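Take a look at the structure below.
The values are calculated or read from the model by the stated rules, or taken from the named source; none is laboratory data. Keep in mind the model is a prediction, meaning the values are calculated, not measured. All Cβ positions, glycine included, derive from the backbone under ideal geometry; neighbour counts span all protein chains shown. All accessible areas refer to the heavy atoms of the entire protein, side chains included, with ligands and DNA or RNA removed. Shrake-Rupley method; radii C 1.70, N 1.55, O 1.52, S 1.80 Å.
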Amino acid sequence: MKIALRLFGYAKPYSWMVAGSLAASLLASICLVGLVSLSQPFFNEILLMAPGDGAPAVETPSQKVNALKILNRYLDVERIQGWFGERGDVAITGIALLIIGLTSLKGIFTYMTTYGVKKVGLLLVTDLRADLHEKIQYQSLGFFSRYQSGELMSRVTNDVGRIQSALSKDLADFVRVGFIMIAQVVWVFYIYWQLAFFSIVLLPLIVYPLYQVGKRLRKASRVSQERLADVSNLLQGSVAGARVVRAFSGERFEKSQFRQALDRLLRIDIRGARVNALSAPMLEMVGALTAGTMVVFAGIQIRAGNLNPGEFMSFLVGMGWFYASMKRLAKANNQFQAALAAGIRCFQILDEEPEVKERPGARTLPPFAREIEFRNVSFRYGSRPILQDINLRVPAGAVVALAGSSGVGKTTLVNLLLRFYDSTAGAILFDGIDVREVTLSSLRRQIGLVTQEVNLFTDTVKNNIAYGNPAADMAGVVKAARAAYAHEFIEILPQGYDTRVGHGGHGLSVGQQQRISIARAIWKDSPILILDEATSALDPESERLLDGALSNLIQGRTVFIIAHRPATVKKADKIFVVVGGKIVEEGSHETLLREGAHYPRLYDLEFQADTRVIGS
């Protein structure tokens, strides 16, 4: 119920549309009651009419209020009948007029209900999907360690898709059928409350099994969606890693893994289908039991003169609508249970609180001018220590490098600078201001980032360089591309700067992708720059081309370099050597080679080895 209320809470902005749909549904149900009420006079005044003379074969019994009585009270049906020729039985004309009129009105109101509810459902789901995307965008990096990208995509697409199906289709059935059931219950109680009460007493025989079916369906659907997320993860991994799969002849392995995931999904879906198929036969069995018992009871009442045939016919029609609506409602409920299971998974994401949050009243960080300080900074990921007691000062305009083996915490250190994570102890200060006291946007606006893993978006080259600002000045974009030595190859692309690149930069070489990424950082023109293995993906020729661009780029900026290549590290004014999450020594390249305990070994093992590869 809590999940359903949260889903329906998204309909609050469209409450006027919901109210209009409910009103239209109520009017459609009233029209249907009017149609059902016509079975009274139709049976008593037409079916019992003697052939030939038009007189009733038996005395017409007194009837309860019905649509024909109301029409005759306010409209001269006999005169209307005279327009079509010889006058005959007024009941036939009145019933015909009412069938046409009420059916037409019911169709109009049903259209208004269905369209209104479906529109609200589509608007609601659009808002939900947008909220999910926004929530994911503002999560900290730790969130993406817990959720694989394929699983997140499954929740935003598949899970929300199930909710959309339920809210834009089955919710319309819920509203329309719900009003029909209420209207028919009122009608059959009006016709003969004793018989209606006797019939409704059997309702728990329907409701309880349906409740159990719905509960089992919700569980099966939730597990099904989890298995579908596994399938999405495997598919994404095999597509993204296509080169590795083929290089290691892993096609059969991937095929086997994917098939096993599909089989797990299939078993759950078959279980859900089996449970779903139970609802219709259960309803039919209970309906048959009710109908048989009702016929016996009604026969006794008719013989006793407590019920006339027309009323009983109207009662049967009303109960028929009621049970048909119940069957439709059961089907819609099965789909809605699947939507609730999807809702649980969606709200699990929406309820995730970012690990890194702005403090209430956070201020804007002034333009960086003097110094960045790491003061007794430590960081743990879960129970695992990554950085311990980091103390360093970087004056504005300095170029520093972080050296150390893989996995010692170099990238984590610059991630703390960007507040992708928050330190578990100590503080990071910009000009004496703790980064936790300022807004995230004002902090990150002052830091440019180029990483080894290039992320290009499905968009034009221009928009990838001027990311987040499609209205950017073209001259500035070209200037940034020239500085990154990317302008020449961009110009010969099919549409130049308007060429669309695929997700992950498909269609460009790795070196070209990296140069566009560097052009993006140049265009941002931030006072602080982080180069995290920025040139590691470049071939020697591309790196030589880029060397001059990097030299120009770092002028006047505060730069943090994480790199393994000697040429890049030598640019640093100071090198900090990180071992086991601690800074163990610092100094210039020459000083550390001469006096360092760890740096010379790193230089020999990694930097010199890299130099030999380049020179071979």
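Which values, in whole Å and largest first, are the semi-axes of the equivalent ellipsoid of segment 436-480 obtained as the square root of 5 times each eigenvalue of the Cα gyration tensor? Spell out each step's value before the answer.
Numbers: eigenvalues 103, 42, 21 Å².
Listed largest to smallest, the semi-axes of segment 436-480 are 23, 15, 10 Å.
Working from the Cα coordinates of segment 397-449, the gyration tensor eigenvalues give, after taking √(5λ), semi-axes of 20, 14, 11 Å in decreasing order. In a fully extended conformation the segment linking Lys169 and Glu134 would gain 10.0 nm over its present Cα-Cα distance, using 0.36 nm per residue.
Net charge near Ala425: determine it from the other residues with C-beta under 14 Å of the C-beta of Ala425, scoring Lys and Arg +1 and Asp and Glu -1. Intermediate results must be reported in sequence, preceding the final value.
Details: positive: Arg375, Arg380, Arg436, Lys582; negative: Asp389, Asp422, Asp434.
That sum, taken over residues with Cβ under 14 Å, equals +1.
Annotation: extensible slack from Glu353 through Arg252 equals 32.3 nm (criterion: 0.36 nm per residue apart, minus Cα-Cα distance). What the Cα atoms of segment 412-519 give is an Rg and a Dmax of 16.6, 52 Å.
Peptides 109-118, 478-487, 5-14 ranked from most to least packed, by the mean per-residue count of other Cβ atoms within 10 Å: 478-487, 109-118, 5-14. Note that segment 359-407 carries a Kirkwood radius of 13.8 Å, evaluated over its alpha carbons pair by pair.
Among Lys119/Lys462; Lys479/Lys570; Lys135/Lys571; Lys106/Lys327; Lys357/Lys570; Lys12/Lys135, which pairs are too far apart, with a Cα-Cα distance over 30 Å? Let's see the in-between values first.
On the way: Lys119/Lys462 37 Å; Lys479/Lys570 27 Å; Lys135/Lys571 40 Å; Lys106/Lys327 21 Å; Lys357/Lys570 37 Å; Lys12/Lys135 20 Å.
Check vs 30 Å cut-off fails for Lys119/Lys462; Lys135/Lys571; Lys357/Lys570.
Among Trp193, Trp187, the sequence by solvent-accessible area, most first, with a 1.4 Å probe is Trp193, Trp187.
Summing +1 for each Lys or Arg and -1 for each Asp or Glu, what net charge is found among the other residues whose Cβ lies under 12 Å from the Cβ of Arg436? Charge balance near Arg436 sits at 0.
Considering all C-alpha pairs of segment 359-487, those separated by over 18 Å amount to 63%.
Taking K and R as +1 and D and E as -1, what net charge do the other residues with C-beta under 12 Å from the C-beta of Gly587 add up to?
Details: positive: Lys574, Arg594; negative: Asp573, Glu585, Glu586, Glu590, Glu595.
Net charge in that neighbourhood comes out at -3.
Working with all protein chains in place, sort Ser37, Ser588 by solvent-accessible area computed with a 1.4 Å probe, largest first.
Details: Ser37 5, Ser588 35 Å².
Descending accessible area places them as Ser588, Ser37.
Note that segment 418-433 has calculated 3J(HN,Hα) couplings of 7, 6, 5, 10, 10, 4, 8, 7, x, 8, 10, 10, 9, 6, x, 9 Hz, one per residue in order, obtained from phi through the Karplus relation 6.51 cos²θ - 1.76 cosθ + 1.60 (θ = phi - 60°); glycine and proline are x. Semi-axes of the equivalent ellipsoid for segment 297-409, computed as √(5λ) from the eigenvalues of its C-alpha gyration tensor and ordered from largest down, come to 78, 18, 11 Å. In plain terms, if you count all Cα to Cα distances in segment 329-386 and split them into 5 Å steps from zero, the share in each step is 4, 10, 9, 11, 14, 12, 9, 7, 7, 6, 5, 3, 2, 1 percent. Applying 0.36 nm per residue to the separation of Asp498 and Arg6 and subtracting their alpha-carbon distance, the gain on full extension is 172.8 nm. The spacing between segment 359-393 and segment 447-464, judged by their C-alpha centroids, is 26 Å.
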